[in-house]
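Report on the following structure.
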Amino acid sequence: MIETKRCRFEEAAEDDIERIIEIENHKDNRNFIWIGTPSEHLAEINDPNHFLWMIRAKDDNRIVGYGLARVDKKSNVFELRRIAMTEKGAGFGEEAMNAIIRFAFEEQNANRFWLDVYPDNHVGIKLYEKLGLHRDGVLRQNYKAERGYLDQIIYSMLKSEYDQRGRKQ
């Protein structure tokens, strides 16, 4: 489905749910993503409007992350709901993000790609801006977490902007 120079995306299966939740709960990820339940992840796997991927390194098939997206086919909107990498600083996140953006526009015919990020996810924000995503605005205190009410910054890219930036790997 999605392949990059170093990674291969595979559709997640029910057997992957425990590993996905481990990735979500990892100390380097848990403050920056919503943590799903087994039944929620199973529903995502079975919903044709969701993509739940295990991201694997091609060299040895190890899991280097996972991603979750939702597609609104009526409006041609592609929402990246979550992406979490198990190996930080190795470039897998940027490679995966470029592949997902390409998939959204070239394979799913999206007109708009978007995601939200918490303001203290500095690594994510830096990456999204590097990739050319537009900062649309802030949903103030939009999510209640264990650490309090959190803002969510909305980033997006339109098809026309994707075409202008060039089709990166």
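No lab work stands behind these numbers, since they all come straight from the coordinates. Note that this is a predicted model, so its numbers are computed, not measured. Methodologically, a virtual Cβ is constructed for each residue, glycine included, from the backbone with ideal geometry; neighbour enumeration extends over all protein chains shown.
The table below gives the values:
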item: Added length on full extension, which subtracts the Cα-Cα distance from 0.36 nm per residue, residue 31 to residue 88; result: 19.0 nm
item: Global form of segment 55-147, assessed from the alpha-carbon gyration tensor, a/c cut-off 1.5; result: oblate
item: Simple label model, 7 Å out from Cα along Cβ direction - residue 19 to residue 70, nm; result: 2.5
item: Computed magnitude of the charge dipole of the chain (debye, nearest 20; Cβ of K, R +1, Cβ of D, E -1); result: 640
item: Packing-based ranking, highest mean first, of 77-84, 23-30 given that Cβ atoms within 10 Å are counted; result: 77-84, 23-30
item: Relative contact order for the chain, counting Cα pairs under 8 Å that sit 6 or more residues apart, in percent; result: 18
item: Packing-based order for 40-51, 113-124, using average beta carbon neighbours within 10 Å, highest first; result: 113-124, 40-51
item: Residue with peak Gaussian network fluctuation, the chain [Cα springs, cutoff 10 Å], from 66, 143, 155; result: 143
item: The chain: C-alpha gyration tensor shape, a/c 1.5 cut-off, then a/b vs b/c; result: rounded
item: Selection of GluC sites (Glu not before Pro), segment 96-169, meeting DSSP coil and at most 13 other Cβ within 10 Å; result: 146
item: GNM result for the chain, Cα springs below 10 Å: residue of 152, 108, 141 fluctuating most strongly; result: 141
item: In sequence order, calculated HN-Hα J values of segment 56-70 (Karplus, 6.51, -1.76, 1.60; Hz; x Gly/Pro); result: 10, 6, 5, 5, 9, 6, 6, 6, 10, x, 8, x, 9, 9, 10
item: Selected from 99, 90, 57 as most flexible by GNM, with the chain as the system and alpha-carbon contacts under 10 Å; result: 90
item: Exposure proxy order (Cβ contacts within 10 Å, fewest to most) of 150, 133; result: 150, 133
item: Amide hydrogen neighbours beyond the local backbone of residue 110, cut-off 5 Å, H modeled; result: 105
